[in-house]
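Read the structure below first, then the notes.
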Amino acid sequence: YDKRNNNVNNNFDLHYYYSDSLYRINLSAQAEPTVMTIDNDQAGKNEHIRYTGVRYHTNADFRVKVFGKSELGLGYTGNNGLPDVSQLSTVTDYSDPMNIHEGNSALKNSFTHTVNAEFQFMSYMRTSVSYSTTQNQITTLTRLDRETGARRTSPANINGSWDMNEYLFLTYPFRDLSLSFSVNHSLRHNVAYVQTYTDSEPGKSATDWNQLSFNLTGGYSNSSWMIQAETGYSVDRSKSDYLDKSNGG
């Protein structure tokens with residue numbers, strides 16, 4: 001068994017920044033042309049794969065002053081992911097007969113898009129919300145042989161995953177005493193291929209992770225003392241559509 005990989009990457013970056021008393025704009029784009037090759041020799045079967053692609057990352061951030069000293073921000077981030085050249089292999093690995101690994105020459109590039117909005121009122125309040133989704137996410141597909149128990153695993157594309165996050169921060173000084181409060185909520189919806197011993201073929205399954213946390217911090221300081229106290233609480237739940245009960249604490 002012999003496998004040899006070779007990767008060649010080049011990077012090109014472009015940035016633009018503008019700022020005045022009212023607006024601030026930050027734009028960037030990165031491109032990474034990539035050439036990946038693999039020479040695979042297993043049990044007398046030889047293959048040579050040459051894969052070319054371009055990884056890219058784009059970012060746009062726009063901020064504007066509103067209501068005097070407050071600020072509103074909007075942003076977008078987009079990037080893609082290339083399959084690893086070994087994931088495109090057509091040579092099946094039988095070294096462990098109960099766990100067989102094979103490639104997928106039809107894998108597509110994945111694309112992730114993230115949008116976010118933020119509002120800040122002086123230094124007293126900051127709140128934000130963001131949403132992200134992935135198209136053609138590269139995941140693992142495992143097929144189970146119900147008679148022998150052997151597993152045949154390969155990479156595959158899947159759609160439907162997304163996540164969302166909301167955040168709020170408040171703070172205010174009372175002479176020598178300062179208080180701050182924050183709350184964060186995140187919801188992640190992840191899809192995967194699942195097959196149980198009663199299923200003839202793998203099917204798409206979804207799992208939701210839901211987390212909510214609170215945090216309260218108080219501080220006191222004068223010429224002689226600096227004291228800080230903090231307390232927090234968080235709760236999380238996860239539920240898959242193929243399970244009857246949810247998990248969490």
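Things worth noting here:
- In region 27-46, the residue that is modelled with the lowest pLDDT out of those that are among the charged types (D, E, K, R) and surrounded by fewer than 15 Cβ atoms within 10 Å (Cβ to Cβ) is Lys45.
- Residue in region 188-200 that is open to solvent by 40 Å² or more (accessible area, probe 1.4 Å), closer than 30 Å to Lys69 by Cα and of a type outside the set (Phe, Trp, Tyr) present: no
- The strands (runs of 3 or more DSSP E) found wholly in region 134-226 and carrying at least 2 residues that are at pLDDT below 95 and closer than 30 Å to Ser89 by Cα occupy 137-144, 151-158, 177-194, 203-221.
- Per-region count, region 222-248, residues touching a strand residue (DSSP E or B) at 6+ places or on another chain (Cβ under 7 Å) and closer than 15 Å to Trp209 by Cβ: 11
- Taken as a whole, the condition of being in contact with a strand residue (DSSP E or B) (Cβ under 9 Å, 6 or more places away or on another chain) and either among the aliphatic types (A, V, I, L, M) or within 22 Å of Thr171 (Cα to Cα) (or both) applies to Phe119.
- Of the residues making up region 76-100, those that are open to solvent by 60 Å² or more (accessible area, probe 1.4 Å) and either farther than 14 Å from Ile38 by Cβ or of a type in the set (Asp, Glu) (or both) are Tyr76, Asp84, Tyr94, Ser95, Asp96, Pro97, Met98, Asn99.
- Among the residues making up region 49-75, those that are of a type in the set (Ser, Thr, Tyr) and surrounded by 14 or more Cβ atoms within 10 Å (Cβ to Cβ) are Tyr51, Tyr56, Thr58, Ser70.
- In region 115-132, the residues that are within 30 Å of Val54 (Cβ to Cβ) and either open to solvent by less than 40 Å² (accessible area, probe 1.4 Å) or in contact with a helix residue (DSSP H, G or I) (Cβ under 8 Å, 6 or more places away or on another chain) (or both): Ala117, Ser130, Ser132
- Conditions (1) in contact with a Phe, Trp or Tyr (Cβ under 9 Å, 6 or more places away or on another chain); (2) in contact (Cβ under 8 Å) with a residue 60 or more places away in the chain; number of the one not met by Lys3: (1)
- Taken together, the residues in region 70-103 that are modelled with pLDDT of 85 or more, hydrophobic (A, V, I, L, M, F, W, C) and more than 26 Å from Ala60 (Cα to Cα) amount to 4.
- Scanning region 48-106 for residues that are more than 20 Å from the chain's Cα centre (by Cα), closer than 28 Å to Phe12 by Cα, assigned to a strand (DSSP E or B) and among the hydrophobic types (A, V, I, L, M, F, W, C) yields a total of 2.
The values are calculated or read from the model by the stated rules, or taken from the named source; none is laboratory data. Model, not experiment: these values are computed from the prediction. Cβ atoms come from the backbone with ideal geometry, glycine included; neighbour counts cover every protein chain shown. All accessible areas refer to the heavy atoms of the entire protein, side chains included, with ligands and DNA or RNA removed. Shrake-Rupley method; radii C 1.70, N 1.55, O 1.52, S 1.80 Å.
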